[in-house]
Amino acid sequence: MAVVHEREPVTEILLAMADDADVCGELVRAARTHSPEVARLTEAETRSHVLAMIRAAGAWFSTFDRVEEQDFTTALLLGADRAGQGVPMTAVLRGVQAALTRAVEISVDRCRMSGVPDGALLPVVLRLKEYGDAIERHVINGYHAAERGPAHETHEIRTRLLRQVLIDGVAPRAEELTSAGIRAEDGHAPHHCVVAEATEPGHAHRLVRELSALRGVTGVVEGRVVSLCARLPQDGGDPDLPAAPALVVASPAAPLDRLRPLYRLCVRAVALGAAAGRRGWHELTDFAGEIAVADQPLLGSHLSDRLLGDLDPSDTFHRQLALTAVTFLDHGRRLDQTAAALFTHPNTIRYRLGRFQQITGTSLTDTRPGGRGGPLDTLHWWWALTTWLDYR
């Protein structure tokens, strides 16, 4: 049964739920509470699948009349992952059903709060039930396909090795390396940790295929596609790495027993990069500033209060001044590039920076010795501005 009149608001509600950390947390708790076997896995693994499925639910509503566009790759991958991890099928379905049931309850509540009339809620519930049934079918198909597939044993061995190195921080034995496809002598060589996250439902299998071309060990860890490889491709070389549909972050090379902290940093970089809409291939060090700033929010808040205390968060013009100032710093204090980025005239940028100086008492255009152009000073102002714009 199709939801016709309420399709657009329901789609918007589902997409908003995908961006709501509290909603995702509730669904994760529901799955883990009703399935102890799922609860033994890391919470991040369950959360990544839950997030992808909520987003896919929005696509389900918006493409209900175009069956060929509906993508259940995430559900197939969930089933395959759980099969590889040895979670019984009944336990998998208990977790999926609990999360889906809670999602329906939250969706109905939010539809009511958004003004969807009670008379239109029955079609919404029925449509969500159709989506839940389709999710369950594809989870089962993915689970059985992984069990039947000739590569299932190799997949399980490689996934176990990845978790051993990246989650547990334990150096694998020579026979474990060999079983996973790494020569024993190469196991002593430094390896890169590559972490990729599909930014749209349905791209996970493509990521696995493409990152497998790195000739290392590739698998799914905590819901993300991960590779260990001794060499990274050169620019323009083979293989072609995923671009538009994914964000890929590679760590510096390190011995296998030292990759665990680098993996956590790569995961953090992927989270920050995905939130900022970044795509394509990046080195971990590309995110050094963002990670350092994001992980010290209290210090950023105090810095913002000290440097920008005279800006009024409720004043639209003051927010415009702050945005202009941070864009100016982002573009190397170049008036012409800042104007191009903000689609305005350089004289307008010059005027705004002048007003910013009058309010804060600091000139961002003064790069003379003793002025405000030093690298640490620039960092402090950029940090204060981004914090002020994000949290006020």
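General observations
- Other-chain or far-sequence residues with amide H under 5 Å of Glu283's (modelled H): Ala250
- With the convex hull drawn around the C-alpha atoms of segment 316-368, the volume per residue stands at 69 Å³.
- For segment 121-131, Karplus couplings with θ = phi - 60° (6.51, -1.76, 1.60), whole Hz, Gly/Pro x: 6, 4, x, 5, 4, 5, 5, 5, 5, 4, 5
- Placing a pseudo-label 7 Å from each Cα along the Cα-to-Cβ vector at Leu299 and Thr33 gives an inter-label distance of 3.8 nm.
- Placing R0 at 56 angstrom, the Cβ-Cβ distance between Ala171 and Asp118 gives a FRET efficiency of 0.40 after rounding to 0.05.
- Phe343-Val125 pseudo-label distance in nm [points 7 Å out on the Cα-to-Cβ vector]: 4.5 nm
- Amide H to amide H distances under 5 Å link Glu197 with Leu247, where only residues 5 or more positions off or on other chains count and H is placed in the peptide plane.
- Computed 3J(HN,Hα) for segment 139-145, one whole-Hz value per residue from the Karplus formula 6.51 cos²θ - 1.76 cosθ + 1.60 where θ = phi - 60°, is 4, 4, 4, x, 5, 5, 4, glycine and proline marked x.
- Percent of alpha-carbon pairs separated by more than 21 Å within segment 281-392: 36 percent
- Heavy atoms of Val28: accessible area, 1.4 Å probe, square angstrom to 10: 0 Å²
- Per-residue ³J(HN,Hα) for segment 166-174, Karplus 6.51 cos²θ - 1.76 cosθ + 1.60, θ = phi - 60°, Hz, x for Gly and Pro: 8, 9, 8, x, 10, 6, x, 6, 4
- Note on segment 225-351: percent of Cα-Cα distances in each 5 Å bin, starting at 0 and stopping at the bin with the largest distance, equals 2, 8, 14, 14, 16, 15, 11, 9, 6, 4, 1, 0.
The values are calculated or read from the model by the stated rules, or taken from the named source; none is laboratory data. These figures come from a predicted structure and were not determined experimentally. Heads up, the Cβs are rebuilt from the backbone with ideal geometry, glycines too, and the neighbour counts pull from every protein chain shown. Each accessible area value is taken on the protein alone, full model and side chains, heavy atoms only, with ligands, DNA and RNA left out. Shrake-Rupley method; radii C 1.70, N 1.55, O 1.52, S 1.80 Å.
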